[in-house]
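Worksheet: one structure, shown below.
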Amino acid sequence: MTSVDGATGRPEPTSTEPGSSGHPPSGVPVAPEPVAAAAPTAGPYAPGAGHPAGPYAPDGSYPPDGSYPPYAGPPPVPPHLVPESDRLTRFVVRLYDRSPRWVVPLAAVGCVGLGLVYTLASDPTRSAPDAAPSCLLKLTTGLDCPGCGGTRALWYVLHADIPAAARHHFLFVFALPFLAYLFVAWAGRTAFGWRLPELRISPKLIGGFLGVWLAFSVARNLPWEPFTSLYV
């Protein structure tokens, strides 16, 4: 007498893969079912908590499932460690936030304009070496400082006498077009949203210029030809 489950009493195979018992044939490896990693309940990898930079779990290992909670940023600074701003700082910040964006470039243009007006009105090319305001280094030691001759060079530039300006401070004359362009690009971007091409000035270039300026400041004080021609 046969069973209702089949001639052998076994259940019918439920898989269409090769084999009579519904299992893979012998010799075929079977991958183990993935086991979900238990979520930590405390520490920086707990649900909802930010983790520090680095892919390590609290115990120093990698999470098995490769999941990391989103970085929530550094912890907040305790209130007692936050420096309190004084009244002047708060006033300036508040005034800056409420002012139109063209106010700061306009103030910078005003400062530059005042400097130009002073240079034209004082005529430094006709002033005595000890006339106020004077360079303290030159007044006390007789040596040219790194900026000596800059005001006279600017006066000659405003009068379109470039050779005389370079004679008094040729590094200032060389840097003036770049400084003017940087100022115009910054002011135009801040006030009107202009997108002028930016000058790529690397730290190495700035360091090289400062080195040349230092060498020029030393050479113009040497008492031998042709360095004496640099003295102003």
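Taken along the Cα-to-beta-carbon direction at a fixed 7 Å, the label points for Lys138 and Ala164 span 1.6 nm. Cβ-to-Cβ counts within 10 Å put Thr151, Thr228 in ascending order as Thr228, Thr151, the fewest first.
Rounded to the nearest Hz, the phi-derived 3J(HN,Hα) couplings of region 171-188 under the Karplus curve 6.51 cos²θ - 1.76 cosθ + 1.60 (θ = phi - 60°) are 5, 5, 5, 5, 7, 4, x, 5, 5, 5, 5, 4, 5, 5, 5, 5, 5, x, where x marks glycine and proline. Distance between the modelled labels on Val77 and Leu199, one decimal in nanometres: 3.4 nm (7 Å Cα→Cβ projection).
When each of Trp224, Trp186 is scored by the number of other beta-carbon atoms lying within 10 Å, the sequence from fewest to most is Trp224, Trp186. Potential lengthening of the chain between Phe178 and Arg94 amounts to 27.0 nm, from the contour at 0.36 nm per residue minus the alpha-carbon distance.
Footprinting exposure proxy ranking of Glu198, Glu225, fewest other C-beta atoms within 10 angstrom first, gives Glu225, Glu198.
Every read-out reported here was derived from the displayed coordinates using simple, explicitly stated rules and does not represent laboratory data. These figures come from a predicted structure and were not determined experimentally. Note: ideal-geometry Cβ built from the backbone for every residue, glycine included; neighbour counts use all protein chains shown.
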